[in-house]
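Working notes for the structure below.
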Amino acid sequence: MSLPDAFITQLQVIYPADRISLARSIREQHARDQSAHEAHLPDAVVWPLSTAEVSQTLRLANNARVPVTPWGAGTSIEGNPIPVQGGLVVDFSRMDNILTIHDRDFQVTVQPGVLYKDMNKVLARYGLFFAPDPGANASIGGMLANNAAGIRTVKHGATRDNVLALEVVLADGRVIRTGSRSVKQSSGYDLTHLFVGSEGTLGVITEATLKLAPIPAHISAAVATFPTVADAAETVFDIIGAGLEPTALELLDATAMRVLNTDPDINFPEKPALFMEFASSNEAALAESLALVAELCIEHHAEEFERGVGRQERARIWHARHHLFETHVRYFAGQQFLVGDASVPISNYPLLTARTARLMEEMGITGSLLGHAGDGNIHTLVFYPGDDDEARQRAMVFNDAFVALALELEGTCTGEHGVGLGKRKFMAREHGAALDVMRQLKQTLDPNGILNPGKVLP
Ligand SMILES: Cc1cc2nc3c(=O)[nH]c(=O)nc-3n(C[C@H](O)[C@H](O)[C@H](O)COP(=O)(O)OP(=O)(O)OC[C@H]3O[C@@H](n4cnc5c(N)ncnc54)[C@H](O)[C@@H]3O)c2cc1C
């Protein structure tokens with residue numbers, strides 16, 4: 001669609017020339033995320049500075065029936081912020097203030113455009129950090145909207161578990177506040193968590209109060225390598241069952257380890273591995289935990305167990321793990337990729353990982369298996385030549401089979417990347433009649449369907 005002239009004129013009343021753009025180059029920057037999903041140009045992009053501007057924008061768009069897609073940092077990998085029906089992209093990068101640090105309550109109130117890594121640098125001065133850690137430098141608004149998670153989820157939960165209150169602008173421009181700064185809340189319907197994970201389809205987040213954690217005094221990382229993915233996956237259950245409370249527990253298959261080794265600072269055996277991190281206020285307790293972890297790994301046939309004690313060694317290991325996606329893209333240069341994301345109860349994790357590894361082998365799929373093992377989440381990174389239709393088709397069939405496997409094992413089609421475009425086709429199978437309730441909620445909150453249309457609901 002192209003935007004009505006009257007609508008543009010009204011937007012220009014809200015936004016000065018440097019905060020509204022119809023330029024093709026700017027629209028192209030907001031046409032795709034980090035996935036291989038097809039790009040779609042929005043018709044215009046605006047950069048609000050305040051809730052009042054967002055509210056006026058939505059009221060106008062709702063009246064004119066113009067699609068509105070919120071935009072954080074564009075790092076999604078399921079097509080979540082792609083404006084598939086054109087219209088307006090609302091880019092939150094200039095609403096990026098940290099409003100209040102409630103350090104004595106372990107909380108922070110922020111605008112949605114703040115990038116979580118930048119926020120954590122500021123919070124470190126108070127000895128605090130926001131634990132959900134998706135690796136990419138995502139915005140808080142995007143993390144809330146996708147319910148992002150990451151390597152710290154095993155200990156601290158996903159973004160959903162670390163938010164107390166929101167300010168949300170509804171499709172018709174009304175501004176509401178949900179939740180409160182009280183850690184305990186039992187008052188009415190839980191609207192905060194309705195908006196978390198709704199991918200900008202139910203409302204637009206303009207402020208959030210988040211829970212913080214103290215930065216631990218002593219941290220240690222360890223890497224164990226195993227003969228098979230199944231051995232590594234089974235160790236996960238025992239580590240958690242022993243009450244060791246890892247702050248990270250990641251699984252990488254042999255291909256991922258081969259790719260990781262292209263980092264000049266890294267040299268591990270190219271075997272399935274667990275990357276682990278433990279934290280404590282007491283150094284002796286930390287050493288004891290690591291000794292027990294080593295024992296458990298050896299019981300599960302670990303061939304090597306490397307302790308990375310101290311912040312520097314830990315930083316080296318996690319830096320490499322965090323950049324593994326980019327390292328893969330470089331390693332398989334010029335190829336297209338498909339990122340899979342599914343999650344199961346932890347008791348089914350060994351089954352999911354072993355069956356997925358077998359499926360990759362049987363189908364001749366090129367790629368890796370890696371995941372946030374501690375919370376039952378696994379990713380597949382599949383690569384194929386862009387001009388090879390047969391290989392592309394095979395990658396899609398594999399991804400469908402992988403998700404079907406997770407659903408069979410009482411899991412979900414997405415542990416953390418969200419539904420976006422790619423996972424809509426699994427929603428009916430996963431949610432059954434509950435999908436109708438989701439549709440009713442969407443109809444109630446956004447009757448004209450202007451908010452991020454074409455996402456989440458099939
Ligand atoms: C290298 C790499 C590694 C990654 N690793 C992980 C990982 O480990 N775990 C993980 O969970 N994700 C991971 N991701 C995916 C991505 O970083 C997350 O999904 C992140 O939450 C996206 O945030 P963003 O700011 O980039 O949001 P965007 O991509 O800009 O938008 C995401 C969604 O949020 C909506 N949105 C944005 N702002 C608002 C707002 N203010 N109000 C309402 N809706 C809004 C958008 O419309 C869209 O639907 C990774 C991505 C990359 C590129």
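The values are calculated or read from the model by the stated rules, or taken from the named source; none is laboratory data. Being a predicted model, the structure only gives us computed values, none of them experimental. Glycine gets a Cβ as well: all are built from the backbone with ideal geometry, and neighbour counts include every protein chain shown. These accessible areas exclude ligands, DNA and RNA; they are computed on the full protein's heavy atoms, side chains included. Shrake-Rupley method; radii C 1.70, N 1.55, O 1.52, S 1.80 Å.
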Quiz item: Taking the stretch 104-125 as the region of interest, how many residues are in contact (Cβ under 8 Å) with a residue 60 or more places away in the chain and away from the ligand (no atom under 12 Å from the Cβ)?
Solution: 7
Exercise. Mind listing whichever residues of the stretch 197-207 are crowded, with 22+ Cβ neighbours inside 10 Å and either over 23 Å from Val419 (Cβ atoms) or within 17 Å of the chain's Cα centre (by Cα) (or both)?
Key: Ser198, Glu199, Gly200, Thr201, Ile205
Quiz prompt | Residue satisfying all of: in the stretch 341-368; hydroxyl-bearing (Ser, Thr, Tyr) and in a helix (DSSP H, G or I); nearest to Asp253 (Cα to Cα) among these | solution = Thr353
Self-check item: Selection within the stretch 305-340 - in a helix (DSSP H, G or I), away from the ligand (no atom under 14 Å from the Cβ) and basic (Lys, Arg)
Solution: Arg311, Arg314, Arg316
Self-check item: Inter-residue pairs, beta-carbon under 9 Å, first over 27 Å from Met276 (Cβ atoms) and in the stretch 149-175, second acidic (Asp, Glu) and open to solvent by 10 Å² or more (accessible area, probe 1.4 Å), 6+ apart
Solution: Ala165/Glu207; Leu166/Glu207; Glu167/Glu207; Val168/Glu207; Val175/Glu167
Quiz item: Taking only pairs six or more apart or across chains, which ones have beta-carbon atoms under 6 Å, a first residue in the stretch 1-25 that is of a type in the set (Val, Ile, Thr), and a second residue that is open to solvent by 60 Å² or more (accessible area, probe 1.4 Å)?
Solution: Ile14/Gln56
Self-check item: Filtered residue count, the stretch 394-408, keeping only those that are β-branched (Val, Ile, Thr) and open to solvent by 10 Å² or more (accessible area, probe 1.4 Å)
Solution: 1
Exercise. Test Ala302 against the criterion of being assigned to a strand (DSSP E or B), out of contact with any Leu (no Cβ under 6 Å at 6 or more places or on another chain), touching a residue at least 24 places away in the same chain (Cβ under 8 Å) and hydrophobic (A, V, I, L, M, F, W, C), and give yes or no.
Key: no
Exercise. Restrict the check to the stretch 411-419 and report whether at least one residue is of a type outside the set (S, T, N, Q) and over 27 Å from Glu38 (Cα atoms).
Key: yes
Quiz item: Taking the stretch 367-416 only, how many residues are of a type in the set (S, T, N, Q) and closer than 18 Å to Phe275 by Cα?
Solution: 3
Practice problem: Taking Gly74 as meeting all but one of (1) away from the ligand (no atom under 13 Å from the Cβ); (2) buried (at least 19 other Cβ atoms within 10 Å of the Cβ), write down the number of the exception. | Solution: (1)
Quiz item: Would the stretch 444-457 turn up any residue that is touching a Pro at 6+ places or on another chain (Cβ under 9 Å), modelled with pLDDT of 95 or more and either open to solvent by 20 Å² or more (accessible area, probe 1.4 Å) or over 26 Å from Pro67 (Cβ atoms) (or both)?
Solution: yes
Quiz item: Does the stretch 94-143 hold any residues that are open to solvent by 20 Å² or more (accessible area, probe 1.4 Å) and in a helix (DSSP H, G or I), and which are they?
Solution: Asp103, Arg104, Asp105, Lys117, Asp118, Asn120, Lys121, Val122, Ala124, Gly142
Quiz item: Going through the stretch 150-167 one residue at a time, which ones are open to solvent by less than 10 Å² (accessible area, probe 1.4 Å), within 8 Å of the ligand (Cβ to nearest atom) and either at pLDDT 95 or above or more than 26 Å from His372 (Cβ to Cβ) (or both)?
Solution: Thr159
